[in-house]
Amino acid sequence: MVSIGSLAVFGIIALSQGPAQVRDAFAVTITEADEANPVSFRMLPVPDGQYTLKGKTHEIKGIWMGETEVLWDLYRIYYQRLDLSPAEQALGIDAKARPSKPYEPPDHGWGTTGFPAIHLHYLAAEALCAWLTKKVGKRFRLPTEAEWEIACSAGGLPVSAAEDTSWHAGNSAGQYQQAKTKKANRWGFYDMLGNAGEWVKPKTGAPLLKGGHFLTEISEMDSSSREVYSPLWQDSDPQLPKSKWWLSDASFAGMRLVCQE
């Protein structure tokens, strides 16, 4: 079951010239097959406008971005196929289109409810977007690098990590932390820097993780921080070819959603 509801307007306006445009945030609620354990996540508007980033102009129009990283609460329904009835699961419906069972508990016992989903391969992140698009009837996708940086800096100058906004190597105790336990940025987005790294799709080249993560030093974490996939992120994966769902050695790899108008 899926439901979509409007939230209060956040009062964010477009930065381009012309009449100010204000769009509502919205919430999506997804339940398991028996309509138990509803999971809600919020999508916040990224103000329409033209933004200058690294000397180039980027136009933003009609997108929302997840208030938080994708949490285990949602990802668990997806990867464990809990939106399907036991009979549907027994028939193997969607079995090949959903993540395989991980070899080890992917949360490491650090916590699941309210915590970001991690160890996610880029292809798994894209597959979640496709599943949500079909299920919700709105277009979900990963952000571009420019969209991500604009949301991270709330449309302003590049930003660096700070103790009150970011989980990093110096304060995380070597593990991810519950979402929304640090301050949001000016546009209401939590954990853009630190906690779990977030997949984005650049215009060219390989997918990137943005924003650093709980193992990144605070001095190396800002809105331009990026990491390219490394084979070391799947070094202990015994499969050949390596899994397209889980990054066995990347406990820091997560994602954040974009919804396109």
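The values are calculated or read from the model by the stated rules, or taken from the named source; none is laboratory data. Quantities reported herein were computed from a predicted structural model and do not represent experimental measurements. Here Cβ is always computed from backbone atoms with ideal geometry, including for glycine, and neighbour counts include all displayed protein chains.
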Return a yes/no flag: does region 232-242 have any residue that is of a type outside the set (Phe, Trp, Tyr), at negative phi and surrounded by 22 or more Cβ atoms within 10 Å (Cβ to Cβ).
no
Would you confirm, using the coordinates I've provided, whether Pro158 is closer than 21 Å to Lys56 by Cβ, touching a residue at least 40 places away in the same chain (Cβ under 8 Å) and either surrounded by fewer than 17 Cβ atoms within 10 Å (Cβ to Cβ) or among the small types (Gly, Ala, Ser) (or both)?
yes
Matching option when the condition is polar (S, T, N, Q) and at pLDDT 95 or above, among Thr57, Thr113
Thr113
Just checking, does region 87-100 include any residue being surrounded by fewer than 16 Cβ atoms within 10 Å (Cβ to Cβ), more than 17 Å from the chain's Cα centre (by Cα), within 27 Å of Gln178 (Cβ to Cβ) and not aliphatic (A, V, I, L, M)?
yes
Are any of the residues in region 117-136 closer than 15 Å to Leu209 by Cβ, β-branched (Val, Ile, Thr) and in contact (Cβ under 8 Å) with a residue 24 or more places away in the chain?
yes
Of everything in region 202-224 that's at negative phi and in contact (Cβ under 8 Å) with a residue 60 or more places away in the chain, which residue is nearest to the chain's Cα centre (by Cα)?
Lys210
Filter region 226-253 for residues that are touching a residue at least 60 places away in the same chain (Cβ under 8 Å) and small (Gly, Ala, Ser); which is farthest from Leu71 (Cα to Cα)?
Ser243
Just to verify a result, which residue in region 1-41, among those that are crowded, with 16+ Cβ neighbours inside 10 Å and among the charged types (D, E, K, R), is modelled with the lowest pLDDT?
Arg23
If you go through region 33-67 one residue at a time, how many are touching a Gly at 6+ places or on another chain (Cβ under 9 Å) and more than 26 Å from Ala117 (Cβ to Cβ)?
6
Any idea which of (1) surrounded by fewer than 14 Cβ atoms within 10 Å (Cβ to Cβ); (2) assigned to a loop (DSSP other than H, G, I, E, B); (3) over 22 Å from the mean Cα position of the chain (by Cα); (4) not hydroxyl-bearing (Ser, Thr, Tyr) is the one Gly109 doesn't satisfy?
(3)
Residues located in region 163-181, provided they are aliphatic (A, V, I, L, M) and in contact (Cβ under 8 Å) with a residue 12 or more places away in the chain
Ala169, Ala179
If Ser172 meets every condition in (1) over 13 Å from the mean Cα position of the chain (by Cα); (2) closer than 20 Å to Arg42 by Cα apart from one, which number is that one?
(2)
Give me the residue from region 42-75 that is within 24 Å of Ala196 (Cα to Cα) and surrounded by fewer than 18 Cβ atoms within 10 Å (Cβ to Cβ) and, out of that set, farthest from the chain's Cα centre (by Cα).
Leu53
Just wondering, is there one or more residues in region 102-112 that are hydrophobic (A, V, I, L, M, F, W, C) and over 19 Å from His213 (Cβ atoms)?
no
